[in-house]
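Shown next, in structure tokens, is the structure this report addresses.
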Amino acid sequence: MHLALASRSLADCARNFLHDNEDLANEIEKKIKEKLGVGPRLDADAGASASLSLTNTARLYLNYDAKLRAALLSHQGTLGLELKF
């Protein structure tokens, strides 16, 4: 009986602590959901490119691509010089 009261008051203390520290409670909940594979997931693609004409026959270019997933981040970039003959 005494052990049951101690564990109950410990649970109450934890519940009150998380209630008073909402940011921490949200972070813990987010990590638990990520481990269980539930809740919102990051799933996006992004890209950018730039091009600079140096002369009529030369161009410098830059391309960037990213794949953002819950368990994977992939980045790819290309820098190139195009010459026309």
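Each value in this text was obtained by applying a stated rule to the coordinates, not by laboratory testing. On a predicted model such as this, the values are computed, not experimentally measured, just so you know. Here the Cβ is made from the backbone with ideal geometry for all residues, glycine too, and neighbour counts use every protein chain on show.
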Query raised in the report: Taking θ as phi - 60°, what are the ³J(HN,Hα) couplings along segment 11-24 by the Karplus curve (6.51, -1.76, 1.60), each to the nearest whole Hz, with x for Gly and Pro?
Result: 4, 5, 4, 5, 4, 5, 4, 5, 5, 7, 10, 4, 4, 5
Query raised in the report: Taking K and R as +1 and D and E as -1, what net charge do the other residues with C-beta under 15 Å from the C-beta of N56 add up to?
Result: +1
Query - Relative contact order (percent, whole number), segment 42-85, Cα cutoff 8 Å, 6+ residue spacing - result: 38 percent
**Report entry** Contour excess over end-to-end distance, with Cα ends at Y64 and T78 and 0.36 nm allotted per residue
**Finding:** 4.4 nm
Requested in this report: Work out, step by step, the length gained on full extension between S49 and K33: first 0.36 nm times the residue separation, then minus their alpha carbon distance; give nm to one decimal.
Outcome: 2.2 nm
Query raised in the report: Taking the Cα centre of segment 30-85 as origin and charging only Cβ (+1 Lys, Arg; -1 Asp, Glu), how large is the dipole, in debye to the nearest 20?
Result: 360 debye
Report task. Sequence neighbours fewer than 8 away in the same chain don't count; with that in mind, list the lysines whose C-alpha is under 29 Å from K67. Result -> K30, K31, K33, K35
**Report entry** Prolate/oblate/rounded label for segment 42-85 (Cα gyration tensor, a/c 1.5)
**Finding:** prolate
